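Below is one structure; the comments refer to it alone.
The values are calculated or read from the model by the stated rules, or taken from the named source; none is laboratory data. This one's a predicted model, so the numbers in the text were calculated from it and none came from an experiment. Cβ coordinates were reconstructed from backbone atoms using ideal geometry, including for glycine residues, and neighbour counts include every protein chain displayed. Each accessible area value is taken on the protein alone, full model and side chains, heavy atoms only, with ligands, DNA and RNA left out. Shrake-Rupley method; radii C 1.70, N 1.55, O 1.52, S 1.80 Å.
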Amino acid sequence: LVRELDAMLARRVEIAFAIWEELGIVDGTDRRIAVPFLAGALTAVLHAWARSDDTDAAAWTAATTSEMPAWWPRPGS
């Protein structure tokens, strides 16, 4: 399951990068490193949340977003 989740998230991050680059939001990021790095991190976060007793999805989402790299687009930016 973890492998499949990681692969799905890697595809989504690739799509996001293509859109962000087209919009000029992200420039100069090395996608060869950033995509697996982010997909792995997001997979680990989702896995940690699934193993926890926490049911506050909004709090996990906010905490995850706050830990993303500085170049990661933020809501409202």
query = If you build the Cα gyration tensor of the chain and take the root of 5 times each eigenvalue, what three semi-axes come out, in whole angstrom, biggest first?
reply = 23, 16, 9
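Tell me the net charge near residue 36. Cut-off is 14 Å between Cβ atoms, residue 36 excluded, with +1 for each Lys or Arg and -1 for each Asp or Glu.
Charge balance in the 14 Å sphere: +2.
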request  = Note down the net charge around residue 4, summing +1 for each Lys or Arg and -1 for each Asp or Glu among other residues with Cβ under 15 Å from its Cβ.
outcome  = +2
message = Quick one: 3J(HN,Hα) in Hz for the stretch 43-59, Karplus 6.51/-1.76/1.60 with θ = phi - 60°, rounded, Gly and Pro as x.
response = 4, 5, 5, 5, 5, 4, 5, 4, 7, 8, 8, 6, 10, 8, 4, 5, 5
query = Carbon and sulfur together cover what percent of the accessible area of the chain at a 1.4 Å probe radius?
reply = 61 percent
inquiry  = Suppose all protein chains stay in the model; what accessible area per residue would a 1.4 Å probe give for the chain, in Å²?
reply    = 71 Å²
key: Residue-averaged [θ]222 nm for the chain, counting only DSSP H segments that reach four residues, each worth -39500 (n - 2.57)   = -23000 deg cm²/dmol
inquiry  = Going by average Cβ density within 10 Å per residue, which order do the peptides 2-9, 24-31, 40-47 take, highest to lowest?
reply    = 40-47, 2-9, 24-31
